[in-house]
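A.B. asks: For reference, the structure I am asking about is given below.
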Amino acid sequence: MALSSDKRSQLKRIPIPEDRHFKPQLVGYNPKTPNRLAEVLAHSLLYFVFVGLLLLIYGVLPWLFKLPGSPLASGGSFTTTGAVLYGILAAVLSFLVAAVAALILILVLRKYLGLVQNRYGPMHNGPAGAFQTIADAVKMVAKEDFVPGKADALVFTLAPLMVFVSAFLLLTIIPFAPGWVLANLNVGLLFIVAAGTIGAYGVLVGGWSINNKFGLLGGLRAAAQLVSYEIPLSISLLTVAVWVGSLNLMDIVEAQKLWWTAIPLLISAAVYLIASLAEIKMTPFDLPEAESELVAGFNTEYSGMRFGFFFVAEFAELFLLPAIAVVLFFGGYYQPLAGFWDFADVLRGLGAEGSTLNQFGGLLASAYGMLWFLLKTALLSYLVIWVRATLPRFRDDQLMELCWKVLIPLSLIGLAVAVILRLVFK
Amino acid sequence: MGLLGSDRRPDNIILGKLDDLINLARSRSMWPLTFGIACCAIEMMNSSAPRYDADRFGFFYRNTPRQADIMIVSGTVNKKMGKRVRTLYEQMAEPKWVISMGACANQGGPFRQGYSVVEGVDKIVPVDVYVPGCPPRPEALLQAMLLLRDKVADPEKRYIPGTLMEADFDVLAEPGKDGRSL
Amino acid sequence: MNLITEAAKALRDIGKGMAVVSRAAEKGKHTNLYPFEMPEIPPVSCQSLALIIEADGTDRCVSCLACEKVCPSQVITIERTRNPEGKGFVLERFDIDLVNCMYCAACVEACPVSAIVTIQDFELSTYDLQTLKADKAFLDEQGRRAKQWYSPKLGVEYRNEQGEIQVAPLEQQPGGEAELLKQADKESDN
Amino acid sequence: MSIPAALMTGPTVLEPVVGKTDEMIVNLGPQHPATHGVLQIVLGVDGERVTRAVPHIGFLHRNHEKIEESRSYAQVIPYLDRMDYVSGLQNELPYCLAVEDLAGLEVPERAKYIRTAMFEFNRIISHLVWVGTYMLDLGAITPFLYAFRDREMALDIIERTTGGRMLPNYFTFGGVRRDVHPKFWQDLLDFLDYFEKVVPEYETLTVDAPVFQARSVGVGLLSQELAVNHGISGPNLRASGVAHDLRKDQPYDAYPELDFSVITRDEGDVWARSKVRMDEIYQSIDLIRQCAELAPRSGPYLARGRVKIEAGEQRYRAAEISRGQLGVYIHSDGGTGPYRSKHRSPSFVNLQIIPDLFIGQKFSDVIAILGSIDIVLGEVDR
């Protein structure tokens, strides 16, 4: 059984290395990190701080342009230069908010999964893992930019951008606090439908352009899923428009000062939440990606930052669609039952009219509204994450059945309810 | 891979620092490919299980080679599979690294005398870290991942593009041609 | 009506599943924070192999070739010459190819003098495979460094502070209940 | 340099059929998250509907049987572990039974119970891996981590006795290699007490979950006739209503003394296969408890004796491992090792129904069916 002589000669005598044993060299590690719900909450705090700080600029930006004596505005409206500058700044800002919210939500998702799966999740890179997604982002930027040989290079490049642009376009019209909105459109609801659809196209053409069969299947599934679920989603939006009587998102929020829209329009709110789950493409509706079936679905051939755009857009939608739900159904930036008593009113009443304290109080009131807005959005986002952690995914025909046989009839019933309630109460 | 794509350290101090930063980010965010072959694949899956939790260090398994940074060859590579292993390696986007996990992937292990087994995956793809064991404990795989992480973050051992090793395709030839007894 | 009850049941079951997931956090963290906390590995576990040298510096190994014969993966290479003075053999070479080893501990079972033992040092990952072609010096060093080791004939042993080799007490032996019961019987007889 | 074209010639090349709608050929594997290893299935799909399916194996062929012919009887055992690596211990048993028959070794009573308990314990571990990976196939991530969390605790108990986690090289001719850890039975019972409370959680997340039921009920119907004709065994067969279980039909080791009944279901679909496995986990818990109660606490664990087998002797022995019927055929030429060693591996046989079950199904269902058959490629290719 001994080794043959040629095998023996292969065995070299090598001295033992001085220190073969591994010595960890890590930064930012603290074994005593509290790691229960507290840590997930700590990461949520990140979410509030960073997204909140960025959104503060939202409040300041239009105000800057309307300063008395500003060359960029005259008589309450922009000059041409002002409008161009404002447009560029607004785009950069909403890009930043979408990206930051997405990066933080990725981290929160991974920490939450760690919590419910009896493990830690990212924890060694930065304090309690806070720099993990930043490292991921930097790495993806520096990774090889790669286009498959037979892919349609133009569409291949455009697809991730379409998905991402769709996500951050929506940010511009969402009112985060009283008066804090980049574009106060009077057709806001229509804009939501229009901008949201661009993302569906992005996924479809992305899956098609990569010349991969799994990608094609994923893209087709995405087309069927996203287009179908646009219908109950849009009907739910319509319900709100019927009930409130306006397409402007500010008006819709103002109408919910006393009662949330979700209370009379419970069916529509539920339909919206389920349909938005499908629009975000998270389990149980992650068929376009379907990791175990289609490898990675429509983004099978995407690498580096191109994949990063898809990834970030998915999580930006995890922030955006709950945000829209909050605006439409859950009272926006108002605290619950703000019609009876509103702490924001107390803040606004500070000091004499026009004094510095009064102006500061107004800012505080806006920040207070934004806090409620972010809190509600975060809760809805967590609900989505919770569902994602639990459920397996549907089959494609079941997905369609759920949409066409359940959600669309339900949303129509919701619309009928809204019409009747509107006729009775208003 | 440096930003400049050169194998020398850039003279420019800013680019040098940026390079170090990128290497640091790469080392803290290594996404392995979900690529199980044999017994070691169970322990590889186990390394992301609650007891070991590779996610702590940012190891986040991806299913498609395009998005992965590390390939963990976890199991016996035979001649038929060797071609696919090479294809998968070529499909991964630069920069990329390979961990050879277990005796079979290292040098054929207990099956090295068989006619169909490739004696070491390093004949097909360049391997950065070897993990012995049959199968190795998940901790051993974690140690290998951390070794690889140190190698990536080390500015002296920066990743050099274009060092794609030529595979020794003779080892994938038809059985019987290499004259092994079994 | 049937449809509504079915839908209600489905929603209830989904809710149950989500409750299971959210309650799982109560089971606490199961993570062993390697490399900051080393895992506790039982001494019988074969993570690597070592040769044991007695406290007086002599090899336990008597070069009987039992391990080389029994090795399923055929990774052990032993060369020996006849001892010119008296009986026995002189060990010329003892190599274990730890790269191709199956870590099945068959050699440990076969060794008549408990010279080759299992140790729990699993941190063998390397950039260079040649470091794992273990020769006798390597295996001796493993044995010197090990805190405790196991062989079926002598059980768990460890090296005390004076460098002497001692057998662990019976409670720490993986030897089985039978021995413990025998011990208890003896004590009750006394 | 890419791979020379001459080396890349695939053995299975399907030509797409051009009809009302064009057929698309999709390669599932060998690197695919849902193939549980390196199985390749070439699928013809029309939209999402599968029209043809050609399974293709051999990506993990590593000459098990050939290498075993050049090893001695004892040296074969570690190689057996590596066949079905998810339930390594169970693979050793039929081979040991066959050699014991040939060599005329009598297994001590205590060793029989230890082997039976370990055998059933390994079934729990194997089914846990199945639960985890199968739910991962269906898109749920959390059950995978729960399964591996509990599997770790089980592996700890095995490691304390055998010294190995997955592939322990523990059973041998005439008993087991070494005595069990002093706290082995107590550890087992403690684990089972904990685990019994956790299994209902798995059931809530799998067989009782509405989405899982929507994906599994009525999918991948395997008729009794098809199952028997193809020689399917294990939970797949029992889920089609055939009460065939070697633990009952050809009892070995301590099974004659244990009280249990064969678990069957009549539906024959993916859900039934899942439910049978879940019930088998409960059954294994019960069997281990019986073993712990009946097993003698002292006595020999190994019948030592020289394994000398006459030339021309041959024997086939089989055992019911977690995937089905694992048979070992040994032919001796009087040497130190087997002249021929042949394995009848359950996964290889179970894999044969793939074309029958796949055709006409949706692409998503293909993944669900493949996972429910529970194959291990190490055993298929050998």
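A.B. asks: Looking only at the stretch C:165-177, which residues are among the charged types (D, E, K, R) and either modelled with pLDDT of 80 or more or in contact with an Asp or Glu (Cβ under 9 Å, 6 or more places away or on another chain) (or both)?
C.D. replies: C:GLU177
A.B. asks: Oh, and also: Would the stretch A:251-259 turn up any residue that is free of Cβ contacts under 8 Å to residues at least 40 places away in the same chain, surrounded by fewer than 24 Cβ atoms within 10 Å (Cβ to Cβ) and of a type in the set (D, E, K, R)?
C.D. replies: yes
A.B. asks: Follow-up question, since we're still on this one. All but one of (1) within 20 Å of D:GLY88 (Cα to Cα); (2) buried (at least 22 other Cβ atoms within 10 Å of the Cβ); (3) within 10 Å of another protein chain (Cβ to nearest Cβ); (4) of a type in the set (A, V, I, L, M, F, W, C) hold for D:VAL131, so report the exception by its number.
C.D. replies: D:VAL131 satisfies every listed condition except (3).
Yes/no per residue for (1) surrounded by 22 or more Cβ atoms within 10 Å (Cβ to Cβ); (2) touching a residue at least 60 places away in the same chain (Cβ under 8 Å):
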residue: A:SER381; (1), (2): yes, yes
residue: A:ASP397; (1), (2): no, no
residue: A:MET400; (1), (2): no, yes
residue: A:CYS403; (1), (2): yes, yes
residue: A:PRO409; (1), (2): no, no
residue: A:VAL424; (1), (2): no, no
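A.B. asks: From D:ALA272, D:ALA292, D:ALA311, D:ALA318, which residue is part of a strand (DSSP E or B) and either under 26 Å from D:TRP185 (Cα atoms) or aliphatic (A, V, I, L, M) (or both)? If you could, list the steps in order and put the result at the bottom.
C.D. replies: Numbers: D:ALA272 fails: part of a strand (DSSP E or B); D:ALA292 fails: part of a strand (DSSP E or B); D:ALA311 fails: part of a strand (DSSP E or B).
So the residue among D:ALA272, D:ALA292, D:ALA311, D:ALA318 that is part of a strand (DSSP E or B) and either under 26 Å from D:TRP185 (Cα atoms) or aliphatic (A, V, I, L, M) (or both) is D:ALA318.
A.B. asks: Spot the failing condition for B:SER48; the list is (1) outside any strand (DSSP E or B); (2) at pLDDT 90 or above; (3) not acidic (Asp, Glu), and only one is missed.
C.D. replies: Failing condition for B:SER48: (2).
A.B. asks: Let me ask something else about it. What is the residue count in the stretch D:35-75 for residues that are in a loop (DSSP other than H, G, I, E, B), closer than 15 Å to D:VAL366 by Cα and of a type in the set (A, V, I, L, M, F, W, C)?
C.D. replies: 1
A.B. asks: Which one of these is at negative phi and in a helix (DSSP H, G or I): D:LEU136, D:LEU167? Full working, then the answer.
C.D. replies: Numbers: D:LEU167 fails: in a helix (DSSP H, G or I).
Answer to the selection: D:LEU136.
A.B. asks: On to the next question. Would you pick out the residues in the stretch D:335-375 that are within 14 Å of chain A (Cβ to nearest Cβ) and free of Cβ contacts under 8 Å to residues at least 60 places away in the same chain?
C.D. replies: The first filter runs over the stretch D:335-375 and keeps only residues within 14 Å of chain A (Cβ to nearest Cβ), leaving D:335-337, D:358, D:360-372.
Residue satisfying the conditions is D:GLY335 alone.
A.B. asks: Sort through D:GLU69, D:GLU65 and tell me the only one that's out of contact with any Gly (no Cβ under 8 Å at 6 or more places or on another chain) and at pLDDT 85 or above.
C.D. replies: That would be D:GLU65, the only listed residue that is out of contact with any Gly (no Cβ under 8 Å at 6 or more places or on another chain) and at pLDDT 85 or above.
A.B. asks: Taking C:VAL20 as the residue in question, decide whether it is within 12 Å of chain D (Cβ to nearest Cβ), crowded, with 16+ Cβ neighbours inside 10 Å and over 29 Å from D:THR336 (Cβ atoms).
C.D. replies: Considered against the rule, which asks whether it is within 12 Å of chain D (Cβ to nearest Cβ), crowded, with 16+ Cβ neighbours inside 10 Å and over 29 Å from D:THR336 (Cβ atoms), C:VAL20 comes out as yes.
A.B. asks: While we're here: Have a look at D:VAL211, D:VAL262, D:VAL219 and point out the one that is in contact with a Lys or Arg (Cβ under 8 Å, 6 or more places away or on another chain) and under 30 Å from C:VAL21 (Cα atoms).
C.D. replies: Criteria check complete, one pass: D:VAL211.
A.B. asks: Just for helices (runs of 4 or more DSSP H) wholly inside the stretch D:199-242: which have at least 2 residues that are hydrophobic (A, V, I, L, M, F, W, C) and within 21 Å of the chain's Cα centre (by Cα)?
C.D. replies: Of the helices (runs of 4 or more DSSP H) lying wholly inside the stretch D:199-242, those with at least 2 residues that are hydrophobic (A, V, I, L, M, F, W, C) and within 21 Å of the chain's Cα centre (by Cα) span D:224-230.
A.B. asks: Same structure, new question: Scan D:ILE158, D:ILE124 and give me the residue that is within 14 Å of another protein chain (Cβ to nearest Cβ) and assigned to a helix (DSSP H, G or I).
C.D. replies: Numbers: D:ILE124 fails: within 14 Å of another protein chain (Cβ to nearest Cβ).
On inspection, the qualifying residue turns out to be D:ILE158.
A.B. asks: Sticking with this one: Please give the number of the condition B:GLY102 fails out of (1) at pLDDT below 90; (2) more than 7 Å from every other protein chain (Cβ to nearest Cβ); (3) crowded, with 23+ Cβ neighbours inside 10 Å; (4) closer than 28 Å to A:ALA142 by Cβ.
C.D. replies: (4)
A.B. asks: Also, quick follow-up: For the subset of the stretch C:94-125 comprising residues that are of a type in the set (S, T, N, Q) and either surrounded by fewer than 21 Cβ atoms within 10 Å (Cβ to Cβ) or under 14 Å from C:LEU51 (Cβ atoms) (or both), which member is farthest from the chain's Cα centre (by Cα)?
C.D. replies: The qualifying residue farthest from the chain's Cα centre (by Cα) is C:SER114.
A.B. asks: If you go through the stretch A:327-357, how many residues are crowded, with 16+ Cβ neighbours inside 10 Å and part of a helix (DSSP H, G or I)?
C.D. replies: Qualifying residue count, the stretch A:327-357: 6.
A.B. asks: Is it fair to say A:SER94 is at pLDDT 75 or above and either in contact with a helix residue (DSSP H, G or I) (Cβ under 6 Å, 6 or more places away or on another chain) or in a helix (DSSP H, G or I) (or both)?
C.D. replies: yes
A.B. asks: Can you tell me which residue is surrounded by the fewest Cβ atoms within 10 Å (Cβ to Cβ) among those in the stretch D:60-78 that are under 23 Å from B:PHE35 (Cα atoms) and at the interface with another protein chain (Cβ under 7 Å from one of its Cβ atoms)?
C.D. replies: Among residues in the stretch D:60-78 that are under 23 Å from B:PHE35 (Cα atoms) and at the interface with another protein chain (Cβ under 7 Å from one of its Cβ atoms), the one surrounded by the fewest Cβ atoms within 10 Å (Cβ to Cβ) is D:ASN63.
A.B. asks: If you don't mind, another one. Given D:GLY139, D:GLY174, D:GLY164, which one is out of contact with any helix residue (DSSP H, G or I) (no Cβ under 7 Å at 6 or more places or on another chain) and either closer than 23 Å to D:ILE77 by Cβ or surrounded by fewer than 22 Cβ atoms within 10 Å (Cβ to Cβ) (or both)?
C.D. replies: The unique qualifying residue is D:GLY164.
Here's the yes/no breakdown for (1) at the interface with another protein chain (Cβ under 9 Å from one of its Cβ atoms); (2) part of a helix (DSSP H, G or I); (3) touching an Asp or Glu at 6+ places or on another chain (Cβ under 9 Å):
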residue: B:ARG86; (1), (2), (3): yes, yes, no
residue: B:TYR89; (1), (2), (3): no, yes, no
residue: B:VAL98; (1), (2), (3): no, no, yes
residue: B:TYR115; (1), (2), (3): yes, no, yes
residue: B:VAL127; (1), (2), (3): yes, no, no
residue: B:GLY133; (1), (2), (3): yes, no, yes
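A.B. asks: Residue by residue through the stretch B:31-54, note down the ones that are buried (at least 24 other Cβ atoms within 10 Å of the Cβ) and of a type in the set (A, V, I, L, M).
C.D. replies: Within the stretch B:31-54, B:LEU33, B:ILE37, B:ALA38, B:ALA41, B:ILE42, B:MET44, B:ALA49 meet the criteria.
A.B. asks: Restricting attention to the stretch C:70-122, which residues are within 13 Å of chain D (Cβ to nearest Cβ) and either in contact with an Asp or Glu (Cβ under 7 Å, 6 or more places away or on another chain) or of a type in the set (A, V, I, L, M) (or both)?
C.D. replies: Once the filter is applied, which keeps residues that are within 13 Å of chain D (Cβ to nearest Cβ) and either in contact with an Asp or Glu (Cβ under 7 Å, 6 or more places away or on another chain) or of a type in the set (A, V, I, L, M) (or both), the stretch C:70-122 yields C:VAL70, C:VAL75, C:ILE76, C:MET102, C:ALA105, C:ALA106, C:VAL108, C:ALA110, C:VAL117, C:ILE119, C:PHE122.
Yes or no, residue by residue, for (1) of a type in the set (Val, Ile, Thr); (2) modelled with pLDDT under 80; (3) more than 23 Å from B:ALA68 (Cα to Cα):
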position	(1), (2), (3)
A:THR261	yes, no, yes
A:SER276	no, no, yes
A:PHE298	no, no, no
A:ARG306	no, no, no
A:ALA338	no, yes, yes
A:ALA352	no, yes, yes
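A.B. asks: Let me ask something additional. Does the stretch D:309-322 contain any residue that is among the acidic types (Asp, Glu) and crowded, with 23+ Cβ neighbours inside 10 Å? Lay out the reasoning, then the answer.
C.D. replies: As a first pass, look at the stretch D:309-322 and keep what is among the acidic types (Asp, Glu): D:310, D:313, D:320.
Still in the running and crowded, with 23+ Cβ neighbours inside 10 Å: D:320.
Yes, there is a match, as at least one residue in the stretch D:309-322 is among the acidic types (Asp, Glu) and crowded, with 23+ Cβ neighbours inside 10 Å.
A.B. asks: Moving on. Count, please, the residues in the stretch A:151-166 that happen to be over 17 Å from A:VAL312 (Cα atoms), among the small types (Gly, Ala, Ser) and assigned to a helix (DSSP H, G or I).
C.D. replies: Adding up the residues that qualify gives 1.
A.B. asks: Of all residues being within 10 Å of chain A (Cβ to nearest Cβ) and part of a loop (DSSP other than H, G, I, E, B) in the stretch D:24-34, which is farthest from D:GLY371 (Cα to Cα)? Just the residue, please.
C.D. replies: D:GLN31
The values are calculated or read from the model by the stated rules, or taken from the named source; none is laboratory data. As the structure is a prediction and not an experimental result, all values here were calculated from the model. In this analysis, Cβ positions are derived from the backbone assuming ideal geometry, glycine residues included, and neighbour counts consider all displayed protein chains.
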